[in-house]
Structures are given as C-alpha cells and as structure tokens.
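Worksheet: the structure to be examined is printed underneath.
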Amino acid sequence: LRQPIPVPQTLTSLLPSSHSYRGLTLVLTFLSYTSYHLSRKPISIVKSQLHPNCSALGPNPHNDSNSTTWCSWAPFDGDNYKELFGALDNAFLVAYAIGMFISGIFGERLPLRYYLSGGMVLSGLFTALFGLGYFWDIHVLWYFIVVQVCNGLVQTTGWPAVVACVGNWFGKGKRGLIMGIWNSHTSVGNILGSLIAGAWVSSAWGLSFVVPGIIITTVGIICFFFLVEYPEDVDCSPPLHHVMTTSEKDPEAVTSNEGPHSLSGQGSVDHSNSPKEPAEEPEAISFLGALRIPGVVEFSLCLLFAKLVSYTFLYWLPLYIVNVAHFGAKEAGDLSTLFDVGGILGGIFAGLISDYTGGRATTCCVMLVLAAPMLFLYNHVGQNGIGTSIAMLIICGALVNGPYALITTAVSADLGTHESLKGNAKALSTVTAIIDGTGSVGAALGPLLAGLISPTGWNNVFYMLIAADVLACLLLARVVIKEARGWCGPMARQRGYVVT
C-alpha cells in the first residue's frame with residue numbers, strides 16, 4: 001500500500017483542477033532540472049580561467065619568478081592541465097553514471113518529492129564547496145575531485161524523479177512535443193549557467209559555483225513544499241497508462257475523458273477533508289525486468305554515444321573556442337550558449353516530428369546521420385567568421401541534442417509505461433535511470449577522451465565525435481526497421497498486398 005504524501009491545504013485551495021496541477025508539475029520539474037544543469041555548467045566556463053594565457057595579461061608581477069603560468073590556479077598550472085581537467089570532469093561523470101543505476105531503484109521506492117528536494121539541497125552544497133576552494137585558497141587536486149564525486153552522486157536524484165513526476169501526470173498523447181518543449185530545461189540551464197559563471201569568471205571564479213549552488217538549493221526547497229507526485233494524491237484522475245490498474249478495481253473511479261491523444265484530461269479535484277484510503281500500488285519493477293522491455297537496451301546504448309557527443313561539447317566547447325578562435329573566457333562562454341539554443345530547437349523539432357510520424361527511433365537516426373557531416377564542417381569552417389560560427393553552433397546543437405533530448409524524455413516515458421507492463425507505471429523511474437545511466441557512461445567517456453586526444457589536435461577530437469554519432473545511429477537500426485515495417489504494413493494492405 002502506498003501512503004499518499006501530504007499536500008499543503010493552501011495549494012489545494014489555489015489549484016481547483018487537474019489542469020492547474022499539470023501546469024504546476026511542468027513548471028516545477030522544469031525549474032528543478034534547469035537548476036541541475038545550471039550548477040553543472042560553471043566548470044566548463046572556469047577551465048579557461050584556471051589555466052589562462054598569462055603572457056596576454058602583461059608582465060609577471062612576481063619579480064622572483066619567470067614562470068609563464070604565474071596567473072594559473074595550482075594545481076592546474078602545469079603542462080598536464082588538460083588531463084587534470086579531464087579528471088575533474090570524470091570524477092563527476094563516472095560517479096553520476098554509477099549512481100544513476102542505483103538512483104532509479106530508490107526513486108521507485110521513496111517519495112519522489114522528498115528524494116528530489118533532498119538531492120537538490122545536497123547538490124547546492126557540493127557545487128558551492130567547489131567554489132569555496134577559491135576563497136579558502138585550496139590548491140589540492142583531491143579536494144576538487146572529492147567534491148565532484150559527491151556532487152555527481154547526489155545529482156542522480158534529479159532525472160529519474162522529474163521524468164517520473166511528469167510521466168505520472170501526462171498520458172501518451174503528444175508526449176514527444178510536450179516533453180520536447182519541457183526538455184529545453186537542459187539547454188536553458190546550460191545557458192543560464194554559462195551567463196552566471198561568466199559574470200564572475202574573470203574577477204572571482206568561486207562565485208561562478210557559489211551562486212548556482214544557492215539557486216539549486218532554493219528551487220529544491222520550493223519543490224519540497226509544492227510538488228505533487230501523483231494525481232491521486234490530490235484526488236485528480238490519473239492519465240491513460242494508470243487507468244487499467246484503477247478501473248479493474250473500481251470502474252466508477254475513472255472519470256477522465258483522457259485518451260491516447262489527450263493532453264489535459266478532465267479530472268476533478270475533491271477538497272473534502274475526508275480521509276483518503278491508501279492506494280494499492282503494484283510492486284516496483286526489477287532491474288532485469290526493466291531491461292526486458294522491448295527497446296530499452298537499444299535506446300540505452302544509442303544514448304551512450306549520443307550523450308558522449310553532447311557532454312563533450314558541454315565541458316570542452318568554451319575551451320575549444322578559446323584555443324581556436326582566440327576569444328576571452330567570458331566571450332567564449334557566451335558564444336558557447338548558442339549550441340544550447342540549437343539544442344532547444346532540436347529537442348522541440350524532434351518531439352514534434354516523432355509525434356507526427358510515430359517513429360521515435362527513425363527521428364533520432366535521421367538527426368544523427370545529419371549531425372556527423374555538420375560536426376566535420378564546424379571544425380573546419382566554423383571559425384571563419386562570427387556569422388558562420390553562430391549558424392554552425394546552432395545547427396550542430398540542434399542535431400546533436402535533438403536525439404539526446406528525445407531519448408531521455410519521450411522515449412523513456414514511453415518505455416516506462418510500455419504496454420508489456422500491463423498498466424504498471426512503477427517502472428518509469430527505473431527505466432529512466434537505466435537509459436540515462438547508460439547514457440551517462442558515454443557522458444563520462446566523452447570528456448575523458450577529449451582530454452586525452454586534444455593534445456594531439458582538435459581535429460582528432462572531432463573525428464572521435466563523428467564516429468560516436470555513427471555508432472549511435474547503427475545501434476538503433478533494428479528499431480528503425482521495426483518502425484518502417486509498421487508504416488509499410490498499413491500501406492501494403494491498402495494496396496491489396498499481403499504482409500508477412
């Protein structure tokens with residue numbers, strides 16, 4: 001039996017219908033994951049300040065030293081600074097990847113509101129601790145590594161929780177478009193994180209972490225008081241994928257007109273003070289049970305390579321712009337936000353097309369195929385002028401982040417409420433964690449490989465990214481063929497052919 005989580009009475013009086021609760025859920029989960037990404041972005045902006053070009057700043061004010069790295073922040077002042085930056089990235093990303101597989105299991109068994117809020121407060125703490133290293137004058141690598149590991153672990157509370165909350169409130173319908181728009185929180189967070197970090201990167205880079213830490217903590221506290229996990233907790237009718245379980249017990253309990261293509265539903269809210277019977281919930285799915293859901297393995301492996309490309313850009317694009325285009329740290333950070341602007345457009349476009357065609361895998365494959373040559377062109381002609389750079393960054397951002405956004409949102413929600421589960425929606429958080437956890441392995445590998453390969457030249461980094469895009473596309477081949485057969489079947493029957 002699942003005990004409903006208490007909801008503040010002031011909230012139930014202000015929100016009289018399920019439409020209002022759905023809107024509130026979208027806004028709060030959007031702000032939550034915006035703040036998660038906002039707190040991850042500063043490290044990519046600050047890198048160029050931890051090891052800047054000291055000769056461009058004038059003569060060395062320390063007369064007792066002729067070092068060309070007098071302005072760098074130890075321990076990142078050596079020739080191996082790129083490898084150390086890669087170690088910082090991987091301290092976070094490897095911990096995130098490992099923790100994600102565990103996080104989904106906890107997310108199915110703990111109250112999502114408490115789980116999400118606690119994770120955000122702890123994320124704010126560890127993000128701020130990284131920045132406090134500046135004010136405390138810490139120059140020990142292991143301090144920054146440990147903080148990154150702890151931050152990576154606690155940030156795994158975010159994605160399974162927010163996707164599960166949205167999945168609990170929204171049926172299948174136009175899920176791709178809704179979640180494509182909603183998933184822009186990733187890019188919005190990256191943009192805001194870049195702008196906030198850029199404001200202090202040249203003066204006091206510690207504030208580039210402390211301020212995002214305060215923001216994510218504040219949003220976590222707001223979610224603790226106002227987020228509603230399940231429609232049933234406020235007497236709203238559940239969406240379509242919950243109906244089977246509920247109607248089997250009480251056919252009169254389902255009053256919603258929501259169907260497969262409805263987004264809003266017509267659930268009512270009862271504000272009576274009568275005690276509510278605990279809802280009987282099916283058992284949470286096991287890890288192996290989630291892997292048996294058709295499509296989970298293919299999309300998970302595809303996301304591994306798609307996220308490898310996306311996170312390499314997330315962590316290394318500003319430094320690439322500084323090295324290749326010779327911009328300052330703030331200008332490079334501002335320019336890198338255009339990649340995330342493209343990501344917003346790509347996520348919405350991918351969701352819209354996949355809803356219209358019904359082909360999630362095909363949409364991903366087409367965008368991945370187009371991304372490979374665009375990455376090649378950006379590396380070779382993207383720095384020829386500011387106009388060319390802007391256009392190429394937006395296009396690359398759309399094609400790289402579009403499939404990533406679609407898989408982590410609409411595809412995860414579809415698979416987490418797959419028909420093979422027979423109405424059991426308790427798989428949503430676990431499936432989301434498996435898919436995003438596998439993708440996070442790629443997110444850890446990308447920046448690591450970039451750190452190891454970049455000393456040999458940026459061309460080789462881009463060849464690695466192009467190869468990852470191609471592999472991501474190939475891993476979805478079986479699902480794409482299945483979708484194509486699904487389209488050809490009705491067409492063949494209309495023409496009088498027999499489909500076997």
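Does LYS47 qualify as being modelled with pLDDT of 70 or more, surrounded by 12 or more Cβ atoms within 10 Å (Cβ to Cβ) and out of contact with any Ser or Thr (no Cβ under 8 Å at 6 or more places or on another chain)? In short, yes.
Applying the criterion of at least 3 residues that are more than 30 Å from ALA74 (Cα to Cα), of a type in the set (A, V, I, L, M, F, W, C) and open to solvent by less than 30 Å² (accessible area, probe 1.4 Å) to the helices (runs of 4 or more DSSP H) found wholly in region 138-203 leaves 158-169.
Scanning region 320-366 for residues that are buried (at least 24 other Cβ atoms within 10 Å of the Cβ) and touching a Lys or Arg at 6+ places or on another chain (Cβ under 6 Å) yields a single hit, SER354. Answer yes or no: is there a residue in region 305-315 that is open to solvent by 10 Å² or more (accessible area, probe 1.4 Å), part of a helix (DSSP H, G or I) and free of Cβ contacts under 8 Å to residues at least 60 places away in the same chain. Scanning region 305-315, I find no residue that is open to solvent by 10 Å² or more (accessible area, probe 1.4 Å), part of a helix (DSSP H, G or I) and free of Cβ contacts under 8 Å to residues at least 60 places away in the same chain, so the answer is no.
In region 1-44, the qualifying residues are those that are within 20 Å of SER208 (Cβ to Cβ) and in contact with a Phe, Trp or Tyr (Cβ under 6 Å, 6 or more places away or on another chain), and the one that is modelled with the highest pLDDT is PRO42.
All conditions but one from (1) out of contact with any helix residue (DSSP H, G or I) (no Cβ under 9 Å at 6 or more places or on another chain); (2) open to solvent by less than 20 Å² (accessible area, probe 1.4 Å) apply to LEU93; the one that does not is (1). Considering only residues in region 379-389 that are without any contact (Cβ under 8 Å) to a residue 60 or more places away in the chain and in a helix (DSSP H, G or I), the one that is surrounded by the most Cβ atoms within 10 Å (Cβ to Cβ) turns out to be THR388. Within region 445-467, restricting attention to residues that are within 25 Å of THR408 (Cα to Cα) and buried (at least 24 other Cβ atoms within 10 Å of the Cβ), the residue that is modelled with the highest pLDDT is LEU465.
Can you confirm whether region 267-283 contains a residue that is open to solvent by less than 20 Å² (accessible area, probe 1.4 Å), at pLDDT below 85 and touching an Asp or Glu at 6+ places or on another chain (Cβ under 9 Å)?
So in region 267-283, the residues open to solvent by less than 20 Å² (accessible area, probe 1.4 Å) come out as 267.
Among the residues that remain, those that are also at pLDDT below 85 are: 267.
Subsequent filtering for residues that are touching an Asp or Glu at 6+ places or on another chain (Cβ under 9 Å) retains 267.
Yes, because at least one residue in region 267-283 is open to solvent by less than 20 Å² (accessible area, probe 1.4 Å), at pLDDT below 85 and touching an Asp or Glu at 6+ places or on another chain (Cβ under 9 Å).
The values are calculated or read from the model by the stated rules, or taken from the named source; none is laboratory data. Bear in mind that the values here come from a model prediction, so they are computed numbers and not experimental data. Quick reminder, even Gly has a Cβ in these numbers, built from the backbone with ideal geometry, and neighbours come from all protein chains shown. Note: areas computed on protein heavy atoms with side chains; ligands, DNA, RNA excluded. Shrake-Rupley method; radii C 1.70, N 1.55, O 1.52, S 1.80 Å.
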